[in-house]
Amino acid sequence: QVQLVESGGGLVQAGGSLRLSCAASGSIVSIDDMGWYRQGPGNQRELVAAITDGGSTIYADSVQGRFTISRPNGKNTVYLQMNSLKPEDTGVYYCKAESVKTVWGTRGDYWGQGTQVTVSS
């Protein structure tokens, strides 16, 4: 019904950059918020950054100034530009679409399958 597909993860040295992409597709009428979460080894999943359909953003303190979330025209694709990467940024990064309205009149939250980001020191 609704699918989120992420791409762009990989292995990078500390100080390097990666750009993650997430595209939502299916029977979608609208999506309120989209965001990126990550889960490091032995850690709980945490919010990295999120963006509303109006373009308002929020970032975790640990990534402020290094990561940039964007969502062109407030549509169904979201990007995460990650610069000055650190080993502690390592983890599986998940895309989330919140309050997705479908053509069937339902609303719900959806997650992508995750993409691995590994930052070597």
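Brief remarks on what is shown
- Residues of the stretch 33-50 classified as open to solvent by less than 80 Å² (accessible area, probe 1.4 Å) and either among the β-branched types (Val, Ile, Thr) or not in a strand (DSSP E or B) (or both), total: 2
- Here 4, 20 are screened, and the one residue that is closer than 22 Å to residue 121 by Cα, touching a residue at least 24 places away in the same chain (Cβ under 8 Å) and surrounded by 14 or more Cβ atoms within 10 Å (Cβ to Cβ) is 20.
- Going through (1) among the aromatic types (Phe, Trp, Tyr); (2) without any contact (Cβ under 8 Å) to a residue 12 or more places away in the chain; (3) open to solvent by 60 Å² or more (accessible area, probe 1.4 Å) one by one, residue 104 falls short only on (2).
- Leading residue by the ranking (nearest to residue 90 (Cα to Cα)) among those in the stretch 1-32 that are among the polar types (S, T, N, Q) and assigned to a loop (DSSP other than H, G, I, E, B): 17
- Taken over the stretch 107-121, the criterion of being open to solvent by 30 Å² or more (accessible area, probe 1.4 Å), in contact (Cβ under 8 Å) with a residue 12 or more places away in the chain and out of contact with any Pro (no Cβ under 8 Å at 6 or more places or on another chain) is satisfied by 109, 110, 111, 113, 116, 118.
- Pairs, first touching a residue at least 40 places away in the same chain (Cβ under 8 Å) and outside any strand (DSSP E or B) in the stretch 70-97, second open to solvent by 20 Å² or more (accessible area, probe 1.4 Å) and among the aromatic types (Phe, Trp, Tyr), C-beta under 6 Å, six or more apart: none
The values are calculated or read from the model by the stated rules, or taken from the named source; none is laboratory data. Values in this document were obtained by computation on a predicted structure and should not be read as measured data. Positions of Cβ are backbone-derived with ideal geometry, glycine not excepted, and every protein chain shown enters the neighbour counts. Quick note on the areas: whole protein, heavy atoms, side chains included, nothing else; ligands and nucleic acids left out. Shrake-Rupley method; radii C 1.70, N 1.55, O 1.52, S 1.80 Å.
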